[in-house]
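Any read-out appearing in this document is the output of simple, stated calculations on the displayed coordinates, not a laboratory observation. Note that the structure is predicted; figures quoted are calculated from it, not measured. We place every Cβ from the backbone using ideal geometry, glycine too, and count neighbours over all the protein chains shown.
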Amino acid sequence: MQAAECGVYRGHSLVACLRIARDLRVPVNFIGLDSFAGLPSLVEEDLKVAPENAPYRNKVLFDDTSFEAVNELVTSAGFADRAKLIRGFFVDTLPTLPETRYDFVNIDCDLYAPHIECLEYFYPKMNAGGIIFFDDYHSRDFPMAKSAIDKFLEDKPETLLHLRFGPEGTNHTKCYIEKL
């Protein structure tokens, strides 16, 4: 099984996915993509919907990580042979990936342009029945994720499915599509 995570940050969800796959005896190889330097610059679509008091309007968020720290986490969890980390912004790194088909992609990249970049790259490379999972669709902090996902899916046959967990909260409903 081939999988990818777009927006690795500190690596905890990547390692969690690898543990679940191991526990279910699903052989998986993950590509983890992240700048490891924080979010890219906002684009016009972000500024249209971003809350006025959002901290990312004035400073870079998620820059409190590093490639080395995430690589150490993946290695110490015993998954060095199952995960390859790729450093850089998606616009630069996605075109360098080897051509392959994917069964699972986790998109957790907060902003408009990165969502579009990831969807344009991975959607046509998904196997039928493959899952694209969206972390930020219902996020009040990053409403541009919903804007990007809705825009991309408007002419696609897949249905966006919602998965709720935990108590009522700001981001306790996630979404996904199953590729037809």
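Structure values in brief
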{"quantity": "Contact order normalised by residue count of the chain, Cα under 8 Å, 6+ apart, percent", "calculated": "23"}
{"quantity": "Relative contact order (%) - the range 72-133, alpha-carbon pairs under 8 angstrom, separation at least six", "calculated": "35"}
{"quantity": "Cross-link reach list, aspartates and glutamates versus residue 146, counting only Cα pairs under 16 Å and skipping chain neighbours closer than eight places", "calculated": "44, 45, 46, 108, 110, 117, 120, 135, 136, 154, 155, 158"}
{"quantity": "Too-long pairs where the Cα-Cα distance tops 19 Å, listed order kept, from 125/179; 151/179; 48/179; 84/156; 151/174", "calculated": "48/179; 84/156"}
{"quantity": "Positive dipole terminus of the range 2-178, leading residue within 109, 17, 147 (C-beta point charges)", "calculated": "17"}
{"quantity": "Beta bridges by DSSP in the chain, antiparallel share as percent, to the nearest 5", "calculated": "30"}
{"quantity": "The range 156-161 - phi-based ³J(HN,Hα) in whole Hz, Karplus 6.51/-1.76/1.60, Gly and Pro as x", "calculated": "9, x, 6, 9, 6, 9"}
